[in-house]
1. Can you find a residue that is part of a loop (DSSP other than H, G, I, E, B) and exposed (fewer than 15 other Cβ atoms within 10 Å of the Cβ) anywhere in region 27-35?
2. Residues that are assigned to a strand (DSSP E or B) and more than 41 Å from the chain's Cα centre (by Cα): does region 318-326 have at least one?
3. Name the residue that is surrounded by the fewest Cβ atoms within 10 Å (Cβ to Cβ), counting only residues in region 331-363 that are in contact with a Gly (Cβ under 8 Å, 6 or more places away or on another chain) and within 30 Å of Ile227 (Cα to Cα).
4. In region 269-310, what residues are out of contact with any helix residue (DSSP H, G or I) (no Cβ under 9 Å at 6 or more places or on another chain) and under 18 Å from Gly138 (Cα atoms)?
5. Would you mind telling me which numbered condition in (1) polar (S, T, N, Q); (2) out of contact with any Lys or Arg (no Cβ under 8 Å at 6 or more places or on another chain); (3) closer than 30 Å to Ala51 by Cβ; (4) touching a residue at least 40 places away in the same chain (Cβ under 8 Å) Thr202 fails?
6. Taking Glu238 and the conditions (1) over 18 Å from Phe311 (Cβ atoms); (2) assigned to a strand (DSSP E or B); (3) touching a Gly at 6+ places or on another chain (Cβ under 9 Å), which numbered condition does it fall short on, given that it satisfies the others?
7. From Glu228, Glu206, which residue is in a loop (DSSP other than H, G, I, E, B), surrounded by fewer than 18 Cβ atoms within 10 Å (Cβ to Cβ) and in contact with a Phe, Trp or Tyr (Cβ under 7 Å, 6 or more places away or on another chain)?
Amino acid sequence: MTKKDYYEILGISRNATQEEIKKAYRRMALKYHPDRNPGNKEAEEKFKEAAEAYSVLADPQKRAIYDRYGHEGLRGEGFTGFTGFESSLFEEFADILGSFFGFSDFFTSQERKGRPSPQRGRDLVMEVEISLEEAANGVEKEIKLNRPEICPFCHGQGHEPGTKPSLCPICHGRGQIRSQHGFVIITRTCSHCGGEGEIITTPCRECQGTGRIKHKKTLKVRIPAGIEDGARLRIEGEGEPGEKGGYAGDLYIVISIKPHEFFLREGNNLICEIPISVTQAALGASIEIPTIDGGSEILRIPAGTQSGHVFKIKGKGIKDIRGRGRGDLLIKVFVKTPRDLTKEQKELLRELARQWGEEPDSVDRRIFLKYKERTH
């Protein structure tokens, strides 16, 4: 019999793009799929024709041969037409039809490969709380892990030492099961053995066949000076062990810095507030200020210092984690107003106010007058 033209089968022009070819096949396949046309031999044949046409036109090399030499050229290359969906071809069709007919469930990347390949272990995350002093100066912390480890008794094999797994009775050691639905051949991972091809009949007494046991471990972690709140430290290979010989995962340490009662951090700078008396602000004073490294600095407060003034002590902040120097210590002073004055103290302050030209018992209109001057 003379074969139909592949372009005619899909209803497309000879210069159709790959996307147009795929759309045309999808339309035909959904229309004539046997699940939508049970018992309809004509629909089944049209479905096969569309599948064959797509398998040629979607392949640039086959399409070039077909365009030049037709069906004879394809036969010369060994192409004999549609014989059924083997998994290698069906993977591509599953991308188009899987969401409609559930075929893609059978073709995850693992199932295409047959037996499970080595898998990297899961990463672990742990939060470690440190003080601001520890963040500023660096610290070494001990952390305790309770994580799965490869069973030392069976070396992760899962079966009792001296025994061997048995051949899977379902897949007979292949790790895969093939089933045929009409002309569609589906290969999937054996659910009985998980694709291993073997069944553990004598589980390890220590790990009960899992190949893993819980193990407590203590690690020493060096936290660098200058680390910030929320930063993560990665310790390679200290996560969960891999499967089937895969690499272990990593351990991530998330840093949480406790609030400090005296210092507030802003980048690499430290900020603190200290109270000073009226006489210290007016006459000047020397005050000892604590530093984050456990030492102290003398702060010279000049006479006439106003409340809210900020002083800076260079290099007494936090070390830069990248080694770019150190931040500063910023000291904000506020004048503390005395309370519960005695009669004599009040009289002394009134006398001082009169010498300054102030009248504490009357309304002070200086601020109001300055405002009026600016607005007129």
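1. Keep residues of region 27-35 that are part of a loop (DSSP other than H, G, I, E, B), which gives 33-35.
Subset that is exposed (fewer than 15 other Cβ atoms within 10 Å of the Cβ): 35.
Yes, some residue in region 27-35 is part of a loop (DSSP other than H, G, I, E, B) and exposed (fewer than 15 other Cβ atoms within 10 Å of the Cβ).
2. There is no residue in region 318-326 that is assigned to a strand (DSSP E or B) and more than 41 Å from the chain's Cα centre (by Cα).
3. Lys332
4. Asn269, Thr291, Gly295
5. Looking at each condition in turn, Thr202 falls short on (3).
6. Looking at each condition in turn, Glu238 falls short on (2).
7. Glu206
Coordinate-derived values only; no laboratory data. Since the model is a prediction, treat every value here as computed from it, not as a measurement. We place every Cβ from the backbone using ideal geometry, glycine too, and count neighbours over all the protein chains shown.
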